[in-house]
Amino acid sequence: MIDSYEFNKIMGAVLGTLLFLMFLGLFSSSIYHAPKPKMAGYALPEAAATTAAAPAAVQLASAAQIMASADAGRGAAAAKQACGACHAFEEGAASKIGPTLGAIVGRSIASAAGFSYSSSLIERAKTDKVWDYDHLNSFINNPKGYASNTKMAFGGDKNDGRRGDIIAYLRSISPKAPPVPAP
Ligand code: HEC
């Protein structure tokens, strides 16, 4: 049988321990204070600043530049391979998938009789008028860049040397082609 004195001692010890733990809790939370987040959830890393200027688009070499050392013979072979499935090369020849490229240099854009051109090539024809060397250069380099909804399903030839050769070949099959401008 524990007497009341013994009982008080035990209760005192228990209370003291509880007080100590409470104090420890308060004390530690005052040291390790976690700031309340402004928003619920995890902070995700912010997207990299988008203010940095986008790299300037690489300037397309001019037709004069890429034609300076071009070779129409090499161009004939390249054109037959890259364009021949869709284009004939004789003036007045019937359209295949695309219109003939005979006499294309100096020809009005989107003017082959009976061919149903895309609206964007027809739109281009209003401002650019004829296929000069630089229009051909940019269209062959990037057909969709030149005429966004073009029907010409060709990814473009980014190789300056080969593009120069092909344009030199197109010039050789175009009786009314103007002289190539000096680079
Ligand atoms: C997959 C078929 C295809 C290939 C390959 C192709 N073309 Fe075309 N090309 C077309 C079509 C279709 C059009 C009509 C485009 C339009 O209406 O937007 C066209 C239009 C053109 C025109 C404009 C003709 C005009 O009357 O205004 C030129 C120039 C041209 N192509 C050059 C080339 C050259 C050069 C190559 C090869 C490097 C080539 N194409 C490869 C299908 C093709």
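Values as computed for the structure displayed
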{"item": "Which listed residue is open to solvent by 70 Å² or more (accessible area, probe 1.4 Å), assigned to a loop (DSSP other than H, G, I, E, B) and over 18 Å from Ile66 (Cα atoms), from Lys151, Lys158", "result": "Lys151"}
{"item": "Unmet criterion (only one of (1) in a loop (DSSP other than H, G, I, E, B); (2) away from the ligand (no atom under 11 Å from the Cβ)) for Ser95", "result": "(2)"}
{"item": "Filter result for Ile140 (of a type in the set (Val, Ile, Thr), within 7 Å of the ligand (Cβ to nearest atom), in a loop (DSSP other than H, G, I, E, B) and at pLDDT 95 or above)", "result": "no"}
{"item": "Qualifying residue in the stretch 100-108 (condition: touching a helix residue (DSSP H, G or I) at 6+ places or on another chain (Cβ under 9 Å) and more than 26 Å from Gln65 (Cβ to Cβ))", "result": "no"}
{"item": "Glu123, sole failed condition from (1) out of contact with any Pro (no Cβ under 8 Å at 6 or more places or on another chain); (2) farther than 14 Å from Thr150 by Cβ; (3) outside any loop (DSSP other than H, G, I, E, B)", "result": "(2)"}
{"item": "Complete set of residues in the stretch 124-137 that are more than 8 Å from the ligand (Cβ to nearest atom) and within 23 Å of the chain's Cα centre (by Cα)", "result": "Arg124, Asp134, His135, Asn137"}
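The values are calculated or read from the model by the stated rules, or taken from the named source; none is laboratory data. Keep in mind it's a predicted model, so treat the numbers as computed, not measured. Positions of Cβ are backbone-derived with ideal geometry, glycine not excepted, and every protein chain shown enters the neighbour counts. All accessible areas refer to the heavy atoms of the entire protein, side chains included, with ligands and DNA or RNA removed. Shrake-Rupley method; radii C 1.70, N 1.55, O 1.52, S 1.80 Å.
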